[in-house]
Amino acid sequence: MAARHWLRSVLLLLMAMVVGACAKRGHGRAHERPLSSAALAVPTQQEFAPVPLGDAARGRELVERFECNRCHEGTGFASAPLSKNCFACHEQIIDGKFPVSAAALARFRPHVVSAREAPSLIALGARLEERWVVEYLLAPRDLRPRLTPTMPRLSLDRSQATDIAAYLTAGSPTPRALAGATGNPRRGRELMERKGCAACHSFSGVPQFITSEVPSESAMARAAALAPDLRFTRDRFGTDRLLAFLSNPRAIKADTRMPNFDLTDGEVADIAAYIRDTPLSIEPDAPFVRLPVLSRRVSFEEVNRRVFSRTCHHCHTDAQSAGGDGGPGNTGGFGFGPRGISFSSHASILAGYVDEQGERRSLFELLPDGTPRLVAALFARHDETRMAAQNAVRGMPLALPPLPAEEIQLVESWVAQGKPL
Amino acid sequence: MTISKRGIQMVAVSMSVVSLLTAASSLACGGDWYPEVQIDPRIRGVAEAEKALAKGNSVAAAGSVVRMIPQIERLRPKTDPLLIRAERVLAVAIARESGRLALEQEVPADVLGHWLGKTKLDQDKNLAWSVDALRRELAAKKDDPGLMTELGEALSKLDGGQDEARTILESLAARDLIGSAQGYKALAELRLQKGDDAGQKLAMKRCESMASTSKVCASSAPRAS
């Protein structure tokens, strides 16, 4: 009896070792293989479904909580209603269909023309490395130089980011790569110039492409807006996904604006080799220079006209006077709680914000380094876009380019002067 | 000669048809037809009153509200945002004018009534109404530092209201949440009443740096005795 138990245990142990070894091989192979022209098959029966890093079911709950559907299609949830749908709202304004007066439309339109859409999340797992998605969620960067908004820095911890990545990348297996010919980066670059890739894509860190003009035709311009900087592709896609995507983009992501160039397997391998292996020469961003406080008087009218009403008011407003729900920066949204911040008037700005404990606090309270909180948030946005250390204060404006130094100087001067009316 | 009923009907129908056909080309009135849109003038009026108040023109702001909505004292609005805003303007204006609205030249006497605040009794009545209105608004909009500042201002003018006013305004000042220069001015006066000269100077300095004009931080109008 004891011998039979012992034999069963040994067999189970052997089976576990075999399974473990197979799983390890599957995980480790992605970055160790030369670029292969035979790796181009779109997902078929030869698929590789990696074990997700996080809990996809929890990730789904978080995607709902963080309201990813306010900006993105392909979240697994219906698009947000118009009042909360950033890009559907912008689209309607640009197309003249938004239900407001013609005068209001004319006033809104110039502000949203460069913020028309966000990339869809359809088939994310067939395109992006799950690990990369986790890091991107934690520290979003400007992937699309021709698109004004960026992914907002949400209030996420690593565990939550991992679960969201697991959910978003689930169900889209990576095409299996097979051994074959290695691509030629030099030929890849020549091909990219010939095909006009730079008409839509930036590729920072490599010598400039000849075809680098943004197309004027509107459909192409919209495609260009969503086209990522190829500098990040080596980390985002990994080799297998890149080969498959280049071979037939729409077979991977049905709604992509990337055209199918009918490349041969060899051409795909060459382009992928250039994108993946070309050494990058990235110039470090110039450090942000904080300008001194102005000695001249800065009125509320000036700082409101140039900064608050133009930039802050859109997400931090007073529902009673402006309609709508007051924006995510007032009544909450994107996973943020209701902060009660309103940039509707001088008095409402002085009324501060509601902290985690539900207490009202000033937007101008001094942080340990003596910087008022509001000003620190404006500086922090510069840190975020330069991928400097993540600041404890969330950068503002959320998901938009940082304010120029002159505008921050204006805000800082107004605060230093006692926030005059 | 008799005209048959049928004949009258025919003539009436014909005239209607002719008038309809000719109307299509009748452009003598400018050609196009415009709907007559009724816009409540009080929307703009209240917004202007708010601006006047913010600029320190309390009497003008109050006059505008009383002229537009003479019955405002009795309304006690709960849901209409326009009336709530108008009531707030009037309440704050009364507090800033210490209960006396010098509107004799602008508003008919029968409309003005006790708003004029010629006697101490009327001034007290006006200030009590102001405090009551601001308390009601604050009950509906809890934890609004702007409204709390204004309630502190109004209480600081009301007999027996100073202690509560001091508690409210000191609490806001400690958190840098006083919502107006006038709030700092009221705090400065309250501190002076307690003999806190240094505190008075600090509050007055904040008033002066925040105010759009120097008259905002000048001494309050004396009350009738």
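Some values worked out for this structure:
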item	result
Any chance A:Arg394 is more than 14 Å from chain B (Cβ to nearest Cβ), in contact (Cβ under 8 Å) with a residue 24 or more places away in the chain, touching a Ser or Thr at 6+ places or on another chain (Cβ under 8 Å) and among the basic types (Lys, Arg)	yes
Flag for B:Leu90 being farther than 19 Å from B:Cys217 by Cα, surrounded by 20 or more Cβ atoms within 10 Å (Cβ to Cβ), out of contact with any Phe, Trp or Tyr (no Cβ under 6 Å at 6 or more places or on another chain) and aliphatic (A, V, I, L, M)	yes
Residue match in the range B:185-192 (condition: of a type in the set (Gly, Ala, Ser) and over 16 Å from B:Leu155 (Cα atoms))	no
Tabulated pairs, the range A:104-116, first over 14 Å from A:His314 (Cα atoms) and in the same structural domain as A:Thr148 (by TED's automatic domain parsing), second modelled with pLDDT under 80 and surrounded by 12 or more Cβ atoms within 10 Å (Cβ to Cβ), C-beta under 9 angstrom, 6+ apart or interchain	A:Arg116/A:Arg222
Residue selected from the range A:125-162 under the condition among the charged types (D, E, K, R) and within 9 Å of the chain's Cα centre (by Cα), by the criterion farthest from A:Ala198 (Cα to Cα)	A:Arg153
Residue that is away from chain A (no Cβ under 14 Å), assigned to a helix (DSSP H, G or I) and at pLDDT 95 or above, where the choices are B:Ala133, B:Ala139	B:Ala133
From A:Val100, A:Val133, residue being in a helix (DSSP H, G or I) and either at pLDDT 95 or above or among the hydrophobic types (A, V, I, L, M, F, W, C) (or both)	A:Val133
Residue match in the range B:203-220 (condition: touching a residue at least 60 places away in the same chain (Cβ under 8 Å), over 19 Å from A:Trp414 (Cα atoms), more than 12 Å from chain A (Cβ to nearest Cβ) and outside any helix (DSSP H, G or I))	yes
Residue that is nearest to the other protein chains (Cβ to nearest Cβ), among those in the range A:359-373 that are of a type in the set (D, E, K, R) and part of a loop (DSSP other than H, G, I, E, B)	A:Glu365
Scope the range A:283-304; condition exposed (fewer than 12 other Cβ atoms within 10 Å of the Cβ) and at pLDDT 90 or above; matching residues	A:Val289, A:Pro292, A:Ser295, A:Arg296, A:Arg297
Odd one out for B:Asp159 among (1) touching a residue at least 40 places away in the same chain (Cβ under 8 Å); (2) closer than 25 Å to B:Ala218 by Cβ	(1)
Some residue of the range A:279-297 being more than 14 Å from chain B (Cβ to nearest Cβ), farther than 15 Å from A:Glu407 by Cβ, touching a residue at least 24 places away in the same chain (Cβ under 8 Å) and aromatic (Phe, Trp, Tyr)	no
The range A:298-322 - residue that is in contact (Cβ under 8 Å) with a residue 40 or more places away in the chain and aliphatic (A, V, I, L, M) and, of those, nearest to the other protein chains (Cβ to nearest Cβ)	A:Val298
Filter pass, B:Gly199 being surrounded by fewer than 24 Cβ atoms within 10 Å (Cβ to Cβ), among the small types (Gly, Ala, Ser), farther than 21 Å from B:Ile94 by Cα and outside the structural domain of B:Lys78 (by TED's automatic domain parsing)	yes
Tally, over the range B:143-174, of residues that are within 14 Å of chain A (Cβ to nearest Cβ) and either at pLDDT below 95 or closer than 22 Å to B:Ser58 by Cα (or both)	12
Criterion: more than 13 Å from every other protein chain (Cβ to nearest Cβ) and assigned to a loop (DSSP other than H, G, I, E, B) - qualifying residue of A:Glu356, A:Glu384, A:Glu406	A:Glu356
Candidate set from the range A:330-353 (those that are part of a loop (DSSP other than H, G, I, E, B), touching a strand residue (DSSP E or B) at 6+ places or on another chain (Cβ under 9 Å) and closer than 30 Å to A:Leu62 by Cβ); member that is nearest to the other protein chains (Cβ to nearest Cβ)	A:Gly352
Qualifying residue in the range A:409-417 (condition: more than 26 Å from B:Ala174 (Cβ to Cβ) and either touching a helix residue (DSSP H, G or I) at 6+ places or on another chain (Cβ under 6 Å) or within 11 Å of chain B (Cβ to nearest Cβ) (or both))	yes
Selected residue (only one of A:Val354, A:Val289 is closer than 30 Å to A:Ser204 by Cβ and more than 24 Å from the chain's Cα centre (by Cα))	A:Val289
Which numbered condition A:Asn85 misses (of (1) of a type in the set (S, T, N, Q); (2) farther than 28 Å from A:Tyr274 by Cβ; (3) surrounded by fewer than 17 Cβ atoms within 10 Å (Cβ to Cβ))	(3)
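Listed here are the residues, each with its yes/no results for (1) of a type in the set (Lys, Arg); (2) in the same structural domain as A:Arg394 (by TED's automatic domain parsing); (3) surrounded by fewer than 14 Cβ atoms within 10 Å (Cβ to Cβ); (4) without any contact (Cβ under 8 Å) to a residue 24 or more places away in the chain.
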| residue | (1), (2), (3), (4) |
| --- | --- |
| A:Gly326 | no, yes, no, yes |
| A:Phe336 | no, yes, no, no |
| A:Ser342 | no, yes, no, no |
| A:Ser345 | no, yes, no, no |
| A:Asp355 | no, yes, yes, yes |
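The values are calculated or read from the model by the stated rules, or taken from the named source; none is laboratory data. Treat the numbers as computed from the prediction; the structure is a model and nothing was measured. We place every Cβ from the backbone using ideal geometry, glycine too, and count neighbours over all the protein chains shown.
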